[in-house]
1. How much length is gained if the chain between Thr139 and Ile55 is pulled fully straight, taking 0.36 nm per residue apart and subtracting their Cα-Cα distance, in nm to one decimal?
2. What do you get for Rg/Rh of the stretch 52-98 when both radii come from the Cα atoms and Rh is the Kirkwood radius?
3. Can you tell me the Rg and Dmax of the stretch 44-150, counting just the alpha carbons, in angstroms?
Amino acid sequence: MRYALPWQSVRRAVAAASILAALPLFGACIIDNTSSTPAAASGDLVVTWDINGSIDPSSCNAHVASTLNLRIYDSNDQQVGGAYQQTCSAFSTSLPVGLSPGTYSLEAELLDSAGNVRTTTVGAPPAALVSFYIYANQTTTVAVTFPDSSFK
């Protein structure tokens, strides 16, 4: 049986205390550099569309429509970001940025492969605006229909 001599126990205690005291020097310190102002909560927007009630990709081809062109406006009629585009046959798109809670409206039209407008603009005067409300931490889905009569 081994017994520790008193001076060995003291030496171990001093070594342990030295290690514990040195820990902050080796990265044990935590620095919080986050802002004291929390980020405002935002909501997401998904826009779906159909052509005369159909979400069959062949309906895009039949109407020579390749792209949905979408613009979002805030309650002050200021455009939010640029125009958002999605392939016609996707029949759904999500905005790549969150929107602050509030009232918005949208305008949309279908374009051909050369970028020419194929439909009347949904949401443009004299038609009623497509308005919707964005809620914090929620996804709002807005549906748009392009009837056969909207094609030029």
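Bear in mind these aren't lab numbers, they're just calculated from the coordinates by the rules spelled out. It should be emphasised that the depicted structure is a prediction, and the values quoted were computed from it without experimental measurement.
1. Additional length available on full extension: 28.1 nm.
2. Working: Rg = 12.9 Å, Rh = 12.1 Å.
Rounded to two decimals, Rg over Rh is 1.07.
3. 13.4, 39
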